[in-house]
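Report on one structure; see the data block that follows.
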Amino acid sequence: MNTNYDYIIAGMGCAGLSLAVRLSEAGLTKDKKILLVDREIKNRNDRTWCFWETQPGFFEDIVFRSWNKAWFNSNDLTELLDLAPYKYKMIRGIDFFDHCMKRISADPAFDIKYGEVKDIYTEEFMAFLLLEEEEFGAPILFNSIILKDVKKKSKHYNLLQHFKGWVIKTNEPKFESNIPILMDFRISQNHGTTFVYVMPFSPNEALVEYTLFTPALLSPEEYNHGLTNYITQYLGITDWQVAEEEFGVIPMTNFPFPKVQGRIRNIGTAGGMTKSSSGYTFRFIQKDVEQIITTLKKNQDVLEKNSNNSRFNWYDSVLLNVLINNKMPGADIFSCLFQKNNPETLLKFLDNETSFNEELHILASLPKLLFSKAGIQEGLKLLR
C-alpha cells in the first residue's frame, strides 16, 4: 500500500482534470504529492461540452466555438433566441484533455496511473483506492467515479439522457455558421422526450446530436435512423460524410448523490453536479471546483458536509415527476418555457442562479394545475 499522497483524484474526466488544473493554477500543489488515476489515456474526441457564460471562463482558451444567438424549434414555436448577455460555448473533449494534461505534466506534484479502479473506501483518517492490484491512500480522496448503480428506491426518479452525435461535412454550404440550433423538437416523440441540437463549425461542417430523455437506451440502428432522418428531412442534406462520432449517457435522477463520505469528497456526477432535470454538468462542475479551491485557500475543511440547494432540487424533481409519469410531453414543456420567458432568465434558471421572484414567473408560465399537483407530491416527499 502506498500512502504517500496528500490527495488522490479518481477519474480524469471533466471534474477530475478541472480540479487538478485549478489546484496547480492556484499554487495549491506546492510541497504536495497528488495521484491522478483513470482507466485509460484519452486520444480521441469522444464528447463535447456545451454551456453558457456571461464572461470569459477558466477554460476560455480552448472554447472551440461560441454563439450569441440560437434557434429553438418545435411544432408550436420557431424562435431565434437572443442569448445576451450570455454566450453559448462549446469545448471539444480532446481539446480539454490535451490542454489539462499539458498543464498537469508540467507540475511535478502529480503522478498519473492508468488501470481499472476496483474499489474506493474510507476509514477514519484515510481514504483508499484499489487500482488493479495496487492500493493507494491519502487523507483526502476526490472521487468522480460512480462504482455502483444509483439505488432505485421508490421515492427517486431515474431517467437517462442519452445521445449520439455525428460531426458531418458537406460539399455544399448547408449551415448558418454563426447560429446553432439549441433544441429542435419537431422530430418524432414516440420514444419520449426527443430533440436534436446542431452546433455549426462552418458552412460545411457541424455537430448534429440526437438526444433523448427516456428510461432505456435505444438500439444503435435507432440512433442512426434518428440522425439520418433529421439530416435529410429537416436540414435538407442528402450528401454528407461523418467525420467524428460520439455517444454518451447521463443520469437524470433526483437520487441524492452524497458530496462527502468520510475522507472522500465526491465531484462531478458522483457528487451531484449533473442537473437532474436537464443533464447539464459542465458549469456545475466548474462552480463546485471553484468552491473546493476557495475552501482550500482558506485552510478550511473541504470535507465539511454542505447542504444542497433544496429549492432547485425540488424544481428538478417536479419536472422529472411530470416527464416520467407522462403528464405532459417534454416538447410541450420546453415550448411553454421558451415562449413565455426571456432566454436570459431561462438560462439563469437552468444554472440554478435565479431569484425566487424570477422562478415564480417561470413556474407561472407552465400549466398551473398539472405542475401544482406534481409540486405538492414532491413537497410531501421532502417533508417525509
Hits in region 253-268 - residues which are modelled with pLDDT of 95 or more and either closer than 25 Å to LEU218 by Cα or of a type in the set (Ser, Thr, Tyr) (or both): none
Of all residues making up region 13-30, the number that are free of Cβ contacts under 8 Å to residues at least 40 places away in the same chain and hydrophobic (A, V, I, L, M, F, W, C): 0
Positions within region 282-303 being under 30 Å from LEU319 (Cβ atoms) and either open to solvent by 30 Å² or more (accessible area, probe 1.4 Å) or modelled with pLDDT under 95 (or both), in sequence order: ARG283, LYS287, GLU290, GLN291
Residue in region 59-66 that is in contact (Cβ under 8 Å) with a residue 60 or more places away in the chain and assigned to a strand (DSSP E or B) present: yes
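For (1) open to solvent by 40 Å² or more (accessible area, probe 1.4 Å); (2) modelled with pLDDT of 95 or more; (3) among the basic types (Lys, Arg); (4) under 18 Å from SER177 (Cα atoms), each residue gets a yes or a no:
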site: THR211; (1), (2), (3), (4): no, yes, no, no
site: GLY226; (1), (2), (3), (4): no, yes, no, no
site: PHE247; (1), (2), (3), (4): yes, yes, no, no
site: ILE250; (1), (2), (3), (4): no, no, no, no
Single match in PHE201, PHE185, PHE247 (criterion: touching a residue at least 60 places away in the same chain (Cβ under 8 Å), in contact with a strand residue (DSSP E or B) (Cβ under 7 Å, 6 or more places away or on another chain) and under 20 Å from LYS275 (Cβ atoms)): PHE185
Output for region 95-117, where each listed residue is within 28 Å of GLN55 (Cβ to Cβ) and crowded, with 18+ Cβ neighbours inside 10 Å: PHE96, PHE97, CYS100, MET101, ILE104
Among residues of region 333-362, those that are under 25 Å from GLN189 (Cβ atoms) and either in contact with a Cys (Cβ under 7 Å, 6 or more places away or on another chain) or open to solvent by less than 60 Å² (accessible area, probe 1.4 Å) (or both), counted: 13
Candidate set from region 252-281 (those that are open to solvent by less than 50 Å² (accessible area, probe 1.4 Å) and among the charged types (D, E, K, R)); member that is nearest to the chain's Cα centre (by Cα): LYS275
Any hit, region 367-384, residues being under 25 Å from PHE195 (Cα atoms), touching a strand residue (DSSP E or B) at 6+ places or on another chain (Cβ under 9 Å) and surrounded by 18 or more Cβ atoms within 10 Å (Cβ to Cβ): no
Positions within region 20-31 being within 18 Å of ALA138 (Cβ to Cβ) and either among the polar types (S, T, N, Q) or surrounded by fewer than 16 Cβ atoms within 10 Å (Cβ to Cβ) (or both), in sequence order: SER24, THR29, LYS30, ASP31
Answer residue from region 320-332, given it is open to solvent by 30 Å² or more (accessible area, probe 1.4 Å) and outside any helix (DSSP H, G or I) and is nearest to THR78 (Cα to Cα) among those: PRO329
Single residue of LEU28, LEU80, LEU35, LEU23 found to be over 21 Å from the mean Cα position of the chain (by Cα), in a strand (DSSP E or B) and closer than 24 Å to ASN4 by Cβ: LEU35
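The values are calculated or read from the model by the stated rules, or taken from the named source; none is laboratory data. Keep in mind that this is a model prediction, so the values were computed, not measured. FYI the Cβ positions are ideal-geometry reconstructions off the backbone, even for glycines, and counts take in every protein chain you see. Side chains included, ligands, DNA and RNA excluded: accessible areas come from the protein's heavy atoms. Shrake-Rupley method; radii C 1.70, N 1.55, O 1.52, S 1.80 Å.
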